[in-house]
Structures are given as C-alpha cells and as structure tokens.
Amino acid sequence: NNEKSVPQLLIRDLKFEKPLAKLMFSPDQENHPSKAPVKYGELIVLGYNGSLPNGDRGRRKSRFALFKRPKANGVKPSTVHIACTPQAAKAISNKDQHSISYTLSRAQTVVVEYTHDSNTDMFQIGRSTESPIDFVVTDTVPGSQSNSDTQSVQSTISRFACRIICERNPPFTARIYAAGFDSSKNIFLGEKAAKWKTSDGQMDGLTTNGVLVMHPRNGFTEDSKPGVWREISVCGNVFSLRETRSAQQRGKMVENETNQLQDGSLIDLCGATLLWRTAEGLSRTPTVKHLEALRQEINAARPQCPVGFNTLAFPSMKRKDVVDEKQPWVYLNCGHVHGYHNWGNKEERDGKDRECPMCRSVGPYVPLWLGCEAGFYVDAGPPTHAFSPCGHVCSEKTTAYWSQIPLPHGTHTFHAACPFCAHQLAGEQGYIRLIFQGPLD
C-alpha cells in the first residue's frame, strides 16, 4: 500500500472535451425567444438533488419556474382605512379585493386595500395547498433523499409565507414581500405580530417566523461571496435580523438595501430555504446534459479501487439514492477514493470510522453521489470535490461557495449545509478534494 507507487488521478487532470462547452447552455436559449413565454426566474429548494423524494407533483416540487402570466395579476397598495372594531375591519376587507389588516389593539385595526396593477405578476409561496399558493413548500428534512416520511415534523413554515412580484416589462425585476394573500385575498397580522406605522403614515409589519433574504456579493458566479442575512417586511422593507425568529422587537431598518432579488439570492422561510436564479443566470449554468457528460468522462477514465482493483463508476443520475456495486466510496479525512470493501473496519470504532488503506488516516467512509441539481453550481467545472459528511460531489468552486454560507437553522442558529441534501457540513472546510486511482494498465 505504498501511496507513491500508485498512479493517482485527480479528476481535474482529465482532458475534458471542448464540445462540453456547447452543452452548458440552457435549452431555453435554443428556442425562438419570440415564441417562448418570458421566464422571470426559478426558485429551487435547498436539500433536494433534482426532485422531491416522492417525486415532483403539481405545485409541490423541488424547483418552480416563474413565467410571465397571460394576464397581469399583480396588486399595489391604495386606500388606507382605520376601523374602530374588528367587525368594521371585516366589512371593509371585501372578498373581491386584496387587503392587509393590521390589528393594533382590540379597539383598532388598520386595513390597507390593494388595487390591481397591470404592470406586475404576483407569485405566492407557502405551506398551504389552497389555490392562491403557486408553489407549495414543506419543511426540508436533512438527508431525506429517499425518506418517504418527511411530513412528521410540526411545520414552522407559514401557510402563506411570502409573495414575489415581477415586473412584466424588461428588465423583469423581481421583488419579495413577507406574507401572502389567503383565499379571501386578505393578509391578517394579528395583535401579536410585530407591526408599526412608518414615517409617511403607512403601516408595515413582520410575519411570525419572518422571511429572511441573503443576496450574495459578486452575483452567483465562481467569485461569489456570502452576503448578510436580512429580514423582509410585509411591505418589502429591509431590516436587520431580530434576536430570535419570532421576537416581538423588529431589527433596524437598512435604508440602502432593497427587496429586489438577484441571481443567487437565498430566501429562508424558517423550515425551508429557496435559491432564486434569474433566467439570465440559469442560461450561464451547466445543464443536466452537461453534468451527465462530466459523469461519463469520469467513468470513461476507469478509476479503480486501490484495494480490489475493480473499476469504479458513478451510477446514472436517475439512480441517485441506491448504492450501486461499482459506486465510488471515499475516506473523508484524506479524500482517497475506493470501491466498497471491509478493510480496516475495526469493531471498536463503532463501525463509523475506518482506516484508509492508502494513508492510514482514520475517519468516516461514505459513498459518493453526484450533485444533480444544476442550479446549485456556481461554475461548470469538473466534479473534483465532495461535501463532508454526505459525499455529494460537484465542482471545487461550488463546494467552496456553499461551505461558506451560514444557512438559518431553527429559530436562532446558522450553519453551513450541503445544498443537495441539507446535511450540516463537518470537518475543517466542510468539503474534501477527491483522489482517484487511475487504471494500472
């Protein structure tokens, strides 16, 4: 097992064919732009590697595309009513008109009516399956790739969590607002919700668990850096975070930032985090076709297990949760890739930690899985690195980016997680460079 005598193969040494560049672009670009509906962007739920564990169905799926609607359905604030009793407030909030009710006390409610806006389209996101919700989002259970029961948790996602308003004309700006309108076209902020009168006499407020947004610096590219998490109010104003998710006291208003989404913005709904990708950003992102070509390139190099000398191969993207007999496995402390074997399995180590036969370093030993959700990639680089401890493989820059992002967890903690399965990252960096062994012939 002398490491030096073995031909080591770093995936970046493979000569990737030039035509791969052609596969990089989204199929949208091949369509004639005049015929294709205008796409504003897509929302992708973190923690799913291309689809929900039980399959994507209807409005419940791992990614949701926002297209220009045949007819505008956006709304904008118009009349403000101050009602002395909740009954009067109910009478004002007409079922055919959108409105937001702010209950200040038992004796006073302010109702802000919203009127039709022919320049914008509105999309609503939340846990409710009622018809006003366009994209139904449930709590993400880390590692629930093949777990059939992800519904047992008490949800912290609001039924009508947030709404995104897109301009119908170029540059198709998308803005996010906390809370969505229910079936009676109302948003109701009860007595306990944080709310206030703004300096210009308007009302504003926060939802119970809040809607947090983080815009990356330098866009969503290989140079991206994490931004700062902020909270977005019902009227789309930007605030620093509260002490905990549902604290009564709002944070400070951040004057020089807006609720405008940009490519790579993260939206946290307290139970699920969504990545916003603009149509333009997606056109520069690798496609599933490109990732499939990279998978075939690795397999064509015939990496071998240094112990069994059997050839390893990444399983096809469709079989992304069944361990295959040719599946590569990795020692997470050193990055040496093997096939599955029982070498170094010391019983006293409770079966979790194993000793690498190449370098004797001891650590977890896990199967490797390709990251199939192309929207999470910041570049089109080869799959040379894996997240630790889950073993999801993608490009070096993609692992480096996600390992720096503090994702909200629970009501007041943050930690970095794998975007493909939502597992909290471990180890010094949260990811490791893979060292394959080339064929001996």
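Scanning for something under 17 Å from the mean Cα position of the chain (by Cα), closer than 27 Å to N299 by Cα, hydrophobic (A, V, I, L, M, F, W, C) and outside any loop (DSSP other than H, G, I, E, B), does the stretch 371-385 turn up at least one residue?
Yes, because at least one residue in the stretch 371-385 is under 17 Å from the mean Cα position of the chain (by Cα), closer than 27 Å to N299 by Cα, hydrophobic (A, V, I, L, M, F, W, C) and outside any loop (DSSP other than H, G, I, E, B).
Tell me whether the stretch 103-115 contains one or more residues that are in a loop (DSSP other than H, G, I, E, B) and either at pLDDT 95 or above or open to solvent by less than 60 Å² (accessible area, probe 1.4 Å) (or both). Lay out the reasoning, then the answer.
Taking the stretch 103-115 as the starting set, the residues that turn out to be in a loop (DSSP other than H, G, I, E, B) are 106-107.
Checking which are either at pLDDT 95 or above or open to solvent by less than 60 Å² (accessible area, probe 1.4 Å) (or both) leaves us with none.
Among the residues of the stretch 103-115, not one is in a loop (DSSP other than H, G, I, E, B) and either at pLDDT 95 or above or open to solvent by less than 60 Å² (accessible area, probe 1.4 Å) (or both), which makes the answer no.
Tell me which residues, restricted to the stretch 358-369, are open to solvent by less than 20 Å² (accessible area, probe 1.4 Å) and in contact (Cβ under 8 Å) with a residue 40 or more places away in the chain.
Result: M358, L368.
Return only the number of the condition from (1) at pLDDT below 90; (2) surrounded by 15 or more Cβ atoms within 10 Å (Cβ to Cβ); (3) over 29 Å from G41 (Cα atoms) that Q154 does not satisfy.
It is condition (2) that Q154 fails.
For the stretch 421-441, which positions are in contact with a Ser or Thr (Cβ under 8 Å, 6 or more places away or on another chain) and closer than 20 Å to G381 by Cα?
If the condition is that a residue be in contact with a Ser or Thr (Cβ under 8 Å, 6 or more places away or on another chain) and closer than 20 Å to G381 by Cα, then Q429, G430, Y431, I432, R433, L434 are the ones that fit.
Which is open to solvent by 50 Å² or more (accessible area, probe 1.4 Å), in a loop (DSSP other than H, G, I, E, B) and farther than 30 Å from V38 by Cα, of F314, F309? Reasoning before the result, please.
Numbers: F314 fails: open to solvent by 50 Å² or more (accessible area, probe 1.4 Å).
The unique qualifying residue is F309.
Would you please name the residue that is farthest from L269 (Cα to Cα), looking only at residues in the stretch 116-131 that are surrounded by 17 or more Cβ atoms within 10 Å (Cβ to Cβ) and under 24 Å from the mean Cα position of the chain (by Cα)? Talk me through it step by step, then tell me what you get.
Of the residues in the stretch 116-131, the ones surrounded by 17 or more Cβ atoms within 10 Å (Cβ to Cβ) are 117, 120-128.
Restricting the remaining residues to those that are under 24 Å from the mean Cα position of the chain (by Cα) gives 121-128.
Details: D121: 21, M122: 18, F123: 15, Q124: 13, I125: 9, G126: 8, R127: 10, S128: 13 Å.
Here the residue is D121.
Scan the stretch 39-72 residue by residue and report those that are open to solvent by 50 Å² or more (accessible area, probe 1.4 Å) and polar (S, T, N, Q). Break it down stepwise before answering.
Residues of the stretch 39-72 open to solvent by 50 Å² or more (accessible area, probe 1.4 Å): 54, 56-61, 63, 67-71.
Answer for the stretch 39-72, where residues must be open to solvent by 50 Å² or more (accessible area, probe 1.4 Å) and polar (S, T, N, Q): just N54.
Of the residues that sit in the stretch 394-415 and are open to solvent by less than 20 Å² (accessible area, probe 1.4 Å) and without any contact (Cβ under 8 Å) to a residue 60 or more places away in the chain, which one is farthest from the chain's Cα centre (by Cα)?
S395
Taking the stretch 271-285, which residues are open to solvent by 10 Å² or more (accessible area, probe 1.4 Å) and closer than 21 Å to T138 by Cα? Outline the logic, then answer.
If we filter the stretch 271-285 for residues that are open to solvent by 10 Å² or more (accessible area, probe 1.4 Å), which is where we start, we get 271, 273, 278-280, 282-284.
Residues satisfying the conditions are G271, T273.
The values are calculated or read from the model by the stated rules, or taken from the named source; none is laboratory data. Being a predicted model, the structure only gives us computed values, none of them experimental. In this analysis, Cβ positions are derived from the backbone assuming ideal geometry, glycine residues included, and neighbour counts consider all displayed protein chains. Please note that ligands, DNA and RNA were not included when accessible areas were found on the heavy atoms of the full protein model with its side chains. Shrake-Rupley method; radii C 1.70, N 1.55, O 1.52, S 1.80 Å.
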